[in-house]
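Everything on this sheet refers to the single structure shown next.
FYI, it's all coordinate maths here, none of it is from the lab. Since this is a predicted model, take the numbers as computed values, not measurements. Quick reminder, even Gly has a Cβ in these numbers, built from the backbone with ideal geometry, and neighbours come from all protein chains shown.
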Amino acid sequence: MRNGLAGLWQSRQLIWSLAKNDFKNRFAGSYLGRVWAFAQPVVTVLLYWFVFGYIMMPDKKELLTAGTEAPYVLWLTAGLVPWFYFSEAVSNGTTSLLEYSYLVKKVVFQIRIIPVVKLIAASFIHIFFVAFMLVLYVCYGYTPDLYLLQLPYFSFCMFMFVLALSYTTCAIAVFFRDLMQIVNIFLQVGMWATPILWNIRFLDGKPLLQGIIRCNPVFYIVNGYRDAMFADAWFWQGSMGGMTVYFWAVTIVLFAAGTLIFRRLKVHFADVL
């Protein structure tokens, strides 16, 4: 794993250049261009904000795992923002080798950087939505504090977890094109299986099911975003401390397995593509 990360760091300038070009070219030819990259998520957030914040439960508050309450709209937004990134990054990472097949066929090109390029390109939109989320946070009367500094940490957690997944999925997708459809189904299920629209405290009477939900690494990140904004606690304190150890253990195992699968299969990529 260390050699893989060191190699990515050495190629950081190339990765950055390709990521910027990927983002710029995604909507090339359309009238509004990169505006479309932000339009759909913004509309989704505003729709939930209107339905849940002004129609169904305008005064509802949600209880966080740290024991503090937060307005439902902000609580929901803090869950949607990391999920938007996870969903887009996993989808783009899975198809990255297929999209950049012309680079994969080049003998001297370091194809291991391609999934990273797609994930960084998706990060540009994520940064915008973190800023959008913080604007709502201030508009609701919250004062920024030191605990918000955990947001970059949890964003980094998301990036590394998705990268670990993408090395496996992009390598397999070269040989099994139907994988993208399977990934889309899992993302649809995951949207509801992860406590984003609902509170995990609803399952307090079902400890087994609640424990299974907590095993989802994305839950750690979503919960971390919410605690960073509303709870006076750090990610190493209380129950989050144990979840932090679990999350990084799973991520390291997935990263090691993903890089191994990628390395074993990459010699056949050019033949298939």
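Could you give the nm distance between label points at Leu47 and Phe186, where each point is 7 Å from its Cα heading toward the beta carbon? Placing both labels 7 Å along Cα→Cβ, they lie 2.5 nm apart.
Across the range 249-263, rounded Karplus estimates of 3J(HN,Hα) from the backbone phi angles (6.51 cos²θ - 1.76 cosθ + 1.60, θ = phi - 60°) give 5, 5, 5, 5, 5, 5, 5, 5, 5, x, 5, 5, 4, 4, 5 Hz, Gly and Pro being marked x.
Residues of the range 231-273 with backbone nitrogen within less than 13 Å of a virtual label 7 Å along the Cα-to-Cβ line of Phe175, please, listed as ranges. 261-273, by backbone N distance to the label point.
Which whole-number percent gives the relative contact order of the chain, counting Cα pairs below 8 Å spaced six or more residues apart? Can you show the working numbers first?
Numbers: 267 pairs, mean separation 73.7, N = 273.
Reported relative contact order: 27 percent.
Between Arg201 and Leu134, the modelled label-to-label distance comes to 2.7 nm, taking each label 7 Å out from Cα in the direction of the beta carbon. Angle of helix 150-175 to the longest C-alpha principal axis of the chain, folded into 0 to 90 degrees and rounded to 10: 40°. Sequence-distant contacts, meaning Cα pairs under 8 Å at least 6 residues apart, place the relative contact order of the range 128-273 at 41 percent.
Please work out the FRET efficiency for the pair Arg263 and Ile212, using the Cβ-Cβ distance as r and a Förster radius of 35 Å; give the result to the nearest 0.05. Could you put the intermediate results ahead of the total?
On the way: r = 32 Å, r/R0 = 0.91.
Calculated value: 0.65.
The protection proxy used here, the mean number of other Cβ atoms lying within 10 Å of each residue, ranks peptides 219-230, 245-256 as follows, highest first: 219-230, 245-256. Over the chain, dividing the summed -39,500 (n - 2.57) contributions of all DSSP H runs of at least 4 residues by the number of residues returns a 222 nm mean residue ellipticity of -23000 deg cm²/dmol. Pairs of lysine in the chain with Cα under 29 Å and at least 8 positions apart or on different chains: total? Qualifying lysine pairs in the chain: 15.
Maximal additional length on extending the Tyr246-Tyr142 stretch stands at 34.4 nm, based on 0.36 nm per residue less the C-alpha distance.
Here the peptides 205-213, 235-243 are ranked by packing, the mean other Cβ count within 10 Å, and the order with the highest first is 235-243, 205-213.
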